[in-house]
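Please read the structure below before turning to the comments.
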Amino acid sequence: MKGLWSITVLLVLLLTACNQALTPVAEPTETVETIKVAFVYVGPVGDHGWTFAHDQGRQYLEANVENIETTYLESVTDVDAEARIRDLAEQGYNIIFTTSASFRDATAAVAPEFPDVIFENCSGFLTSENMGSYFGRMYQAKFLAGIVAGLTTESNKIGYVAPIQIPEIIRLINAVTLGARSVNPDVEMEVVWIGNWFDPPAETAAVESMVDAGVDVIFTGTDTTVPVVTADEQGVWSVGYDSCESCAAAPAKCLTTPCWNWGPIYVDIVEAVRNGTWFPETIYRPMSEGTVVLTEVSQAAGEGAQDAVDAARAKIEAGQDVFCGPLYDNNGELRVAEGQCMADMDLICFNWYVEGVNSEVPDGVGCY
């Protein structure tokens, strides 16, 4: 019995050892460190325009990237921008997006102080060892929206509520004008500058003054839907901007909206930083890549508007850009010869109006 007991114990020990040998050893799991991302906004997240669209992009980032923590500062002024950006860097944020061209210089000033932080400035063009810039070719969507306006206007007068006097806005005004005149050569563009991205009373007054001058399609370049709502109240058409939900503010009279889809570009940049493939570059994505969007054209727009937009969009997405010659300025001078197209740096430094704009370029417009 004693020998049988010993054999039994030995068999149990051997079986236990075999089972242990067959049990896979768990591989140590790699801990993905949380990446901290901050956004600096020029307006309030509730502006239903520029900042609202960026904050939708931030939320998209949170929903599509694991192990991420985000924060934002809203309504940051140009005067305070440098201090606010520096404070975020000192708090340990890994990536800081500054979402306005007016924050360009402040971002460039802070970046060298924090070489381990990645800075990205929206709509600028400066880069450094740890600073990039990103934007989309919004002028392509504005050109298409101009086509809609050109086929809808009855007075042949369209207007633009213009915020800050920088080349970006001049570029967009010109794109709208070229689009409108491509289908209606009699169209003329009126421009009212208000000197701010966010100023509802001034935006309202600008729309009212243009309507008094005979304008019947209003474009907005500001960060709110105020011009869209005011146009509706005045009984004229409008075209939204920034947020793809702009036309919801006045659906009966809003024709379409050139708008931003920031989420995918934020995901791409953050993932590049995380996997070590990020490098400082100037990103300028065309409409075909989805950062820039034109919403569906209203059925109330002029006859054939959607078809005309679709045809022009196909050409743009195939590589035919908007600012190609022959292009004349509004004083009759040939600026871009036939067969030539404007280079990106020329677009970034745009300081002249195309034929059809009834305004003079403000003094002191530099590159932005």
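Tabulated results
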{"quantity": "Residue that is nearest to Val322 (Cα to Cα) [pool: residues in region 270-299 that are aromatic (Phe, Trp, Tyr) and crowded, with 16+ Cβ neighbours inside 10 Å]", "calculated": "Tyr284"}
{"quantity": "Among (1) among the basic types (Lys, Arg); (2) in the same structural domain as Gly235 (by TED's automatic domain parsing); (3) over 20 Å from Ile173 (Cβ atoms), the one test that Arg285 misses", "calculated": "(2)"}
{"quantity": "Residue ID - surrounded by the most Cβ atoms within 10 Å (Cβ to Cβ), chosen from residues in region 107-124 that are in contact (Cβ under 8 Å) with a residue 60 or more places away in the chain and under 16 Å from the mean Cα position of the chain (by Cα)", "calculated": "Glu120"}
{"quantity": "So Asp310, is it among the charged types (D, E, K, R) and closer than 19 Å to Tyr139 by Cα", "calculated": "yes"}
{"quantity": "Cross-chain or 6+ apart pairs with Cβ under 7 Å, region 273-291 first and within 18 Å of Ala312 (Cβ to Cβ) and in contact (Cβ under 8 Å) with a residue 12 or more places away in the chain, then of a type in the set (D, E, K, R) and surrounded by fewer than 17 Cβ atoms within 10 Å (Cβ to Cβ)", "calculated": "Met287/Glu317; Ser288/Glu317"}
{"quantity": "Test: residue in region 152-166 that is surrounded by fewer than 24 Cβ atoms within 10 Å (Cβ to Cβ), free of Cβ contacts under 8 Å to residues at least 40 places away in the same chain, of a type in the set (A, V, I, L, M) and more than 20 Å from Pro44 (Cα to Cα)", "calculated": "no"}
{"quantity": "When residues of region 269-300 are limited to those that are part of a loop (DSSP other than H, G, I, E, B) and of a type in the set (A, V, I, L, M, F, W, C), the one modelled with the lowest pLDDT", "calculated": "Ala300"}
{"quantity": "Scan of region 168-195 for residues that are within 18 Å of the chain's Cα centre (by Cα), of a type in the set (A, V, I, L, M, F, W, C) and farther than 21 Å from Ala305 by Cβ, ordered by number", "calculated": "Ile169, Ile170"}
{"quantity": "Selection status of Glu355, in contact with a strand residue (DSSP E or B) (Cβ under 7 Å, 6 or more places away or on another chain), farther than 27 Å from Trp193 by Cβ and either among the charged types (D, E, K, R) or modelled with pLDDT under 95 (or both)", "calculated": "no"}
{"quantity": "Within region 225-250, tally of residues that are in contact (Cβ under 8 Å) with a residue 40 or more places away in the chain and either outside the structural domain of Ala300 (by TED's automatic domain parsing) or more than 17 Å from the chain's Cα centre (by Cα) (or both)", "calculated": "4"}
{"quantity": "Gly146 over 25 Å from Asp321 (Cα atoms) and under 22 Å from the mean Cα position of the chain (by Cα)", "calculated": "no"}
{"quantity": "Residues being in a loop (DSSP other than H, G, I, E, B) and surrounded by 20 or more Cβ atoms within 10 Å (Cβ to Cβ) - total across region 51-106", "calculated": "4"}
{"quantity": "Looking only at region 302-336, and only at residues there that are within 26 Å of Val236 (Cα to Cα) and among the acidic types (Asp, Glu), the one that is surrounded by the fewest Cβ atoms within 10 Å (Cβ to Cβ)", "calculated": "Glu303"}
{"quantity": "Residues that are in a loop (DSSP other than H, G, I, E, B) and without any contact (Cβ under 8 Å) to a residue 40 or more places away in the chain, drawn from region 337-365", "calculated": "Ala337, Gly339, Gln340, Met342, Ala343, Glu360, Asp363"}
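The values are calculated or read from the model by the stated rules, or taken from the named source; none is laboratory data. Here the structure is a predicted model, which is why all the values come from computation and not from measurement. Using ideal geometry, Cβ is built from the backbone for each residue, glycine included, and neighbour counts are taken over all protein chains shown.
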